[in-house]
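Any read-out appearing in this document is the output of simple, stated calculations on the displayed coordinates, not a laboratory observation. What you see is a predicted model; the values in this text were computed from it and never measured. Note that we place each Cβ from the backbone using ideal geometry, even for glycine, and neighbour counts take in every protein chain shown.
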Amino acid sequence: MNHKNEILATLQNNRIDIALISETHFTNSSNFYLSGYQIFKTNHPNGTAHGGAAIIIRSSLIYYPLPSIQLPHIQACGISLALNSIPINIYVAYSPHYHT
């Protein structure tokens, strides 16, 4: 995610509360921060900069992480939150084309 300022501007200008990102290319040492948002992510299991999935969620929202999947052929993460007292589960996944 080399376009940090562009991502933040898009989120703010479009009043986006939750964004799902696939193929993040985060490593185990990646530190990605967006003011006003929290990042929940799953990297490729070998820790190198390929694959991965992330959820960017506005900091004011209350959510709980769901079990992640971190395998060579799929990376996924999810959150659970309530909207008007209705529970909603949201997942994002990345799976490279050669595994489908």
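Tabulated data
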{"item": "Sorted by Cβ density within 10 Å, fewest first, the residues I56, I69", "result": "I69, I56"}
{"item": "Separation of the N28 and S68 label points, Cα + 7 Å toward Cβ, nm", "result": "1.2 nm"}
{"item": "Theoretical gain in end-to-end length, N13 to N84 [0.36 nm per residue, Cα-Cα removed]", "result": "23.1 nm"}
{"item": "Percentage relative contact order, the chain, counting C-alpha pairs under 8 Å, at least six apart", "result": "23 percent"}
{"item": "Entry for Kirkwood radius over Cα pairs in Å (calculated from the structure that is shown) out of (1) 14.0; (2) 13.7; (3) 14.4", "result": "(1)"}
{"item": "Under 14 Å, Cβ to Cβ, from L83 - net charge with Lys/Arg +1 and Asp/Glu -1", "result": "0"}
{"item": "Between helix 4-13 and the chain: long-axis angle, C-alpha atoms, 0 to 90°, nearest 10", "result": "30 degrees"}
